[in-house]
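Here is the structure we will look at.
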Amino acid sequence: YANPCKPEAHIEHAASVGVNLTTFDSVEEVDKLRLFHPRCKLLLRLKVPDAGDALWDLGTKYGARQEELAPLLCAAQSAGLSVSGVAFHVGSAVSRVGVYDAAVEAARAVFDAAAARGMPPMRILDIGGGFKAGTASTFQDACDVINSALTHHFGDVPGLQVIGEPGRYFAETPFTLAARVFGKLTRGEVRQYWIDDGFFGTLCCVHVENYVP
C-alpha cells in the first residue's frame, strides 16, 4: 500500500484483506498504523535528495526530510511497529537518471541508522517509479544506474528485496482516446472542434504536464 498518507478506514480494510506492507513519512501515520494495523510492516518513505528534472517532483508532497528520519525511526520503534525497509520515488518522468544513485545512497543511510538503533535488519527497498515511456534507451539507462547503485550501496545486504513501480512506463503509451466531435466553429483560417472530453477529464495531462496528445 504505497501511499504514505491513508484514511483510517483504508488501513482497516488493508488489514482485513491481508495487505501487510505500507509506507509512512510522518509520526501521525505511525499513530494510525499502531491503532488500526499494528502487524503491518513499514517502509520509511524518503524525500529524494535531488528530484532532477522530473515532470512531477513528488518530494513537494511526500517523503521524510533528512532531519525527520531519526525521529520517525524512533516513533515506529516506540510504537512496536516493524520497519522493514525504505521507499522513495524520484518523481514522474525523469530524464536525468543519475538521480537514482543519490536516492539509493540515501536509502542505505537509513538502513544503517536503523541498525545503529538496534532495530531488526531491513530487507526491502522500494525504488518507486519515474521511468519514462516511449524510448527504450532511457529506460535502459535508468536500469543501468539503478543496478550499479544497488551493487555499490547494497552489495553487502543479504536477501535484499527490491520493488519497482513502473506505472507510468507501462500506462502512458498503450491507449488511444476516442472522443465525439459535437461542434465546429470556423473563423477565417482558424477551425475549432469541440469534443466530449477535456482538461477535467482524460486530457488533464495537457494542462498539468504540458503533454501534447
*Which of (1) open to solvent by 60 Å² or more (accessible area, probe 1.4 Å); (2) in a helix (DSSP H, G or I) is the odd one out, the single condition Pro38 does not satisfy?*
(2)
_Out of Val145, Val157, Val206, sole residue that is under 30 Å from Cys74 (Cα atoms) and open to solvent by less than 70 Å² (accessible area, probe 1.4 Å)_ = Val157
*Restrict the check to the stretch 187-206 and report whether at least one residue is in contact with a strand residue (DSSP E or B) (Cβ under 8 Å, 6 or more places away or on another chain) and in a helix (DSSP H, G or I).*
no
*Kindly indicate the residue of the stretch 88-108 that is out of contact with any strand residue (DSSP E or B) (no Cβ under 9 Å at 6 or more places or on another chain) and either farther than 23 Å from Lys61 by Cβ or open to solvent by 10 Å² or more (accessible area, probe 1.4 Å) (or both) and also modelled with the highest pLDDT among those meeting that condition.*
Glu105
*Select from the stretch 131-163 the residues that are of a type in the set (Gly, Ala, Ser) and in contact with a Phe, Trp or Tyr (Cβ under 8 Å, 6 or more places away or on another chain) and write down the one among them that is modelled with the highest pLDDT.*
Ala149
_Whichever residue in the stretch 14-35 is open to solvent by less than 40 Å² (accessible area, probe 1.4 Å) and in contact (Cβ under 8 Å) with a residue 40 or more places away in the chain and, among such residues, is nearest to Gly63 (Cα to Cα)_ = Asp25
*Considering only residues of the stretch 160-186 that are in contact (Cβ under 8 Å) with a residue 24 or more places away in the chain and in a strand (DSSP E or B), which is surrounded by the fewest Cβ atoms within 10 Å (Cβ to Cβ)?*
Gln161
*Hey, among the residues in the stretch 167-201 that are hydroxyl-bearing (Ser, Thr, Tyr) and within 22 Å of the chain's Cα centre (by Cα), which one's farthest from Phe131 (Cα to Cα)?*
Thr173
*Here are some residues: Ala115, Ala70. Which one is surrounded by fewer than 17 Cβ atoms within 10 Å (Cβ to Cβ) and without any contact (Cβ under 8 Å) to a residue 24 or more places away in the chain?*
Ala115
*Which ones in the stretch 42-63 are modelled with pLDDT of 95 or more and over 12 Å from the mean Cα position of the chain (by Cα)?*
Leu42
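The values are calculated or read from the model by the stated rules, or taken from the named source; none is laboratory data. It should be emphasised that the depicted structure is a prediction, and the values quoted were computed from it without experimental measurement. Neighbour counts are summed over all protein chains in view; Cβ atoms, including those assigned to glycine, are modelled from backbone coordinates with ideal geometry. With ligands, DNA and RNA removed, areas are computed over all heavy atoms of the protein, side chains included. Shrake-Rupley method; radii C 1.70, N 1.55, O 1.52, S 1.80 Å.
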